[in-house]
1. Looking only at strands (runs of 3 or more DSSP E) that lie completely in the stretch 54-135, which have at least 1 residues being within 14 Å of the ligand (Cβ to nearest atom) and modelled with pLDDT under 95?
2. Please enumerate the residues belonging to the stretch 5-53 that are within 11 Å of the ligand (Cβ to nearest atom), outside any helix (DSSP H, G or I) and open to solvent by less than 40 Å² (accessible area, probe 1.4 Å).
3. Considering only residues that are of a type outside the set (A, V, I, L, M) and closer than 26 Å to VAL126 by Cα, which ones fall in the stretch 93-108?
4. Determine whether ALA124 is open to solvent by 20 Å² or more (accessible area, probe 1.4 Å) and under 27 Å from PRO23 (Cβ atoms).
5. For the stretch 136-145, enumerate the residues that are in contact (Cβ under 8 Å) with a residue 60 or more places away in the chain and either surrounded by fewer than 20 Cβ atoms within 10 Å (Cβ to Cβ) or of a type in the set (A, V, I, L, M) (or both).
6. Identify the single condition in (1) under 17 Å from GLU139 (Cβ atoms); (2) without any contact (Cβ under 8 Å) to a residue 24 or more places away in the chain that PRO22 does not satisfy, given that it satisfies every other one.
7. Are there any pairs with C-beta distances below 7 angstrom linking a residue in the stretch 26-45 that is under 13 Å from TYR122 (Cα atoms) to a residue that is surrounded by fewer than 13 Cβ atoms within 10 Å (Cβ to Cβ) and of a type in the set (Lys, Arg), with the two at least 6 apart or on different chains, and if so which?
8. What are the pairs, 6+ residues apart or on separate chains, where a residue within the stretch 71-97 that is within 21 Å of PHE46 (Cα to Cα) has its Cβ under 6 Å from a residue that is of a type in the set (S, T, N, Q) and within 9 Å of the ligand (Cβ to nearest atom)?
Amino acid sequence: MNPMPDKAREMRQSIAQDWIVPPYYDQAEAWLGPFWDEGTPFRRLFDQLDLSRVIELACGRGRHAAQILDRVGELTLVDVLDSNIAACRARFGDDPRLRYLLNNGHDLPGLESRAYSALFSYDAMVHFELLDVLDYLRETARVLRPGGRALLHVSNNMENPGGHYHQNRLWRNFGSLDVVRHLADRLGFQVLDHTTLSWEGQEAIDGLVLLERR
Ligand SMILES: C[S@@+](CC[C@H](N)C(=O)[O-])C[C@H]1O[C@@H](n2cnc3c(N)ncnc32)[C@H](O)[C@@H]1O
């Protein structure tokens, strides 16, 4: 991967700092319906993943991991904040199905290539810098085995190019579902499904995309 320009690195660090806040995690813990209720787009697409060897990117404090732990073969929890990895360790302990990975905000260091059945990320990439989304697509293409799938919740908000995500509705960073679909195609994925999502009354501000490694 190319070295990151200074501004992009500063942005990444500033975004990560925003998510140290414990109140978010306590509140989010009780807010699982949009992701896990029957009939939601998240649930419909998640049920198309093979859970034998899964990565959750930007896992926070483990609210999604707790939903699937009894169904996975192996689950690797990845986050840029050591406080979140520590919280997951405290929550799940030495469960033999779990691995923990503190990353650099755009990579999956140390994860074996062509080895994983699925990767998913919810309520996090919507905030990421587009360059980091690109890096994560590349890394996801690297670690998934052929036929492995990725389910990504991304920003579909093209307001304020060059701005800071704090200035945007719902802190959605500059992003586009169509750009993600295009990049994914070029990086060796088939786009199996995709949909825009409305969030807190903001129409089509997010996107959800299901990719399969060719
Ligand atoms: C809004 S929280 C969502 C956490 C979790 N996905 C959930 O739904 O509960 C955003 C998460 O993204 C993580 N994060 C922020 N920037 C990141 C980056 N560049 N790479 C990986 N994780 C990042 C934060 O540490 C935090 O865990």
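1. On the way: elements: 74-79, 98-102, 116-121.
Because the criterion is at least 1 residues that are within 14 Å of the ligand (Cβ to nearest atom) and modelled with pLDDT under 95, no strands (runs of 3 or more DSSP E) in the stretch 54-135 meet it.
2. LEU32
3. If we filter the stretch 93-108 for residues that are of a type outside the set (A, V, I, L, M), which is where we start, we get 93-97, 99-100, 103-107.
Residues satisfying the conditions are ARG99, TYR100, ASN103, ASN104, GLY105, HIS106, ASP107.
4. On the way: open to solvent by 20 Å² or more (accessible area, probe 1.4 Å): no; under 27 Å from PRO23 (Cβ atoms): yes.
The answer is no for ALA124.
5. First, the residues of the stretch 136-145 that are in contact (Cβ under 8 Å) with a residue 60 or more places away in the chain: 136, 138, 140-141, 143-145.
Those that are in contact (Cβ under 8 Å) with a residue 60 or more places away in the chain and either surrounded by fewer than 20 Cβ atoms within 10 Å (Cβ to Cβ) or of a type in the set (A, V, I, L, M) (or both): ARG138, ALA141, VAL143, LEU144, ARG145.
6. (1)
7. none
8. These pairs meet every condition: VAL78/ASN103.
The values are calculated or read from the model by the stated rules, or taken from the named source; none is laboratory data. The structure displayed is predicted, hence computed values, not measured ones. Neighbour counts are summed over all protein chains in view; Cβ atoms, including those assigned to glycine, are modelled from backbone coordinates with ideal geometry. Surface areas here come from the heavy atoms of the whole protein model, side chains and all, with no ligands, DNA or RNA. Shrake-Rupley method; radii C 1.70, N 1.55, O 1.52, S 1.80 Å.
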